[in-house]
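These notes are about the structure you will find just below.
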Amino acid sequence: MKVIRRAPADLPPARAPGKPPRRRFLSRFLGRISGALGLSFFGFDFIKLLKMHGFFSLGTNLSGVFVGVFFIKAGSSLAAVCLFYLFCYAFEALGNVFAAGLAGKYPAAFITRAGLVFITLFYILLLAAPGFAARHYPLAAALTGIGNAMYWPPYQNYCVEYTHMGNRQKGVSLLGLLGNFIALLTPLIAGLVTSRLPGAAGYAVIFAVSVSALFVSFVVTRGMPSKPTGRKGNPVFHILLREIKDRAIASMVLMAVFYGLRDGIYLYYLNILIYTLARNEMAVGLGIAARSVVAMLAWLLLARFLPPSRRTASYFAAGLAGLFASALLRAVPALFVVLAVYVADMVFQVVSYNALQFAAYDTADYLSRSGENRRPDVIALRIFALNIGRCAGIAVFLLLPITGAAVWPLILLNALSLPGVLFARGLSSHIKKTARAG
């Protein structure tokens, strides 16, 4: 049998002794980066969640901060902007109840995609018909409100499903770190675009990029594993009608409502206040960029130094600090003081939201002690209660006699949110008491 030998030129080139393969070197390099970022502690599904939420944050942060200013430039009043956000949160609350019912029949990824479609339609409406969107703001609010109602509950559920008790705070902090890193860049880009392209052209570019980023987020969700909960009926109505007397559930709901009183209008009013004093979108963009840097540091510190036993105390400290900061703003209502309070407020918001988020997770674990997974139900209820509080906060704000660049409403909103600390403490003590009794 004749053996055919290959010529030396046909042989693969010899590798230098001791030199690792290029692919192995790349794997080690990426592995070191993953370890430095903490990604090696998480599975493939969590990385998918990071990608999905990263593109979502890019799309919404790029345009979201300028929506209120955009409506004012289109001829709307401050009251009309407040009503727009009121409708947003009202539709989000109703849409959240609807999405909770869909979760029993449809996979979470399907509901997430539906939410992304609604939010994309909102930005397309702003891009294609800005005047129509400003005049018919309830329709625009319905698109973004229902979109958020369908996006956030599955996202919150993913945060728990793709982590475990040992790395959950790190996972939540990493998601917050990513979102705020994007929020650091996008307002600067958006402010630069609107400064270089004045009028409608700059906003058209921003909204177009937002739509593209949301489309990529939609594509990423195709790889997100999910399945229906299989529960019949509507879980939000079920808990409100039959289980709200439980102290843990009632405390979590009231904590979310009081948090929402401040969260609904506080930041948007600060944005408009800065724009009123500076008359420049770039000032708003720089303020948000600085907030993002502070938020990244806050999330890193929470992941490293905040044990579960200190969440309630940190929530109380953040509430008091926010109240004192707004009082300082009242005493010295200068632009640089407004920007300083605006940046410092990010720390209070991160700490407070982290406490609220884990309060829902603790309540879900408390209700699931019988073996039935109640996490999607509790997350839906928490977001519903949060939006009810937001609507109430905006309603209070609209009833206030505000003239000019008034800052005293910020003090009132901070004060109204403080009772939420009492319910956070009641929730924690009740869960601990139940655990000892069990």
- With +1 on the Cβ of every Lys and Arg and -1 on the Cβ of every Asp and Glu, the dipole magnitude of the chain about its Cα centre, in debye rounded to the nearest 20, is 1860 debye
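Per residue, what volume in Å³ does the Cα convex hull of region 363-403 take up?
So the per-residue hull volume is 52 Å³.
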- For region 235-261 and region 146-171, distance of Cα centres in Å: 19 Å
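Based on the Cβ-Cβ distance of Met282 and Ala313, what FRET efficiency does E = 1/(1 + (r/R0)^6) give at R0 = 35 Å, to the nearest 0.05?
0.40
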- Alpha-carbon radius of gyration plus Dmax, which is the widest Cα pair, for region 303-402 in Å: 17.2, 56
- Message: If I histogram all Cα-Cα distances within region 72-173 using bins 10 Å wide from 0, what percent of pairs lands in each bin?
- Response: 16, 37, 28, 15, 4, 0
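When the Kirkwood hydrodynamic radius is evaluated over all pairs of different C-alpha atoms of region 131-237, what value in angstrom, to one decimal, is obtained?
So the Kirkwood estimate lands at 17.3 Å.
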- Item | Rg/Rh (Cα only; Kirkwood hydrodynamic radius) as it applies to the chain | 1.04
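Strictly greater than 18 Å: what percent of every Cα pair in region 286-339 meets that?
50 percent
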- Query: Too long at a 19 Å Cα-Cα cut-off: which of Lys48/Lys227; Lys105/Lys245; Lys170/Lys433; Lys170/Lys227; Lys51/Lys170?
  - Reply: Lys105/Lys245; Lys170/Lys433; Lys170/Lys227
- Item | Translational diffusion coefficient (Stokes-Einstein; Kirkwood radius from C-alpha pairs) of region 215-268 at 4 °C, 1.567 mPa s, in µm²/s | 88 µm²/s
- Order these peptides, 123-130, 385-392, by their mean beta-carbon neighbour count within 10 angstrom, highest first. 385-392, 123-130
- Cα convex hull of region 205-338: how many Å³ per residue? 209 Å³
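We did not get these values from a lab; they are worked out from the coordinates using the rules stated. All values reported here derive from a predicted model rather than from experimental measurement. All Cβ positions, glycine included, derive from the backbone under ideal geometry; neighbour counts span all protein chains shown.
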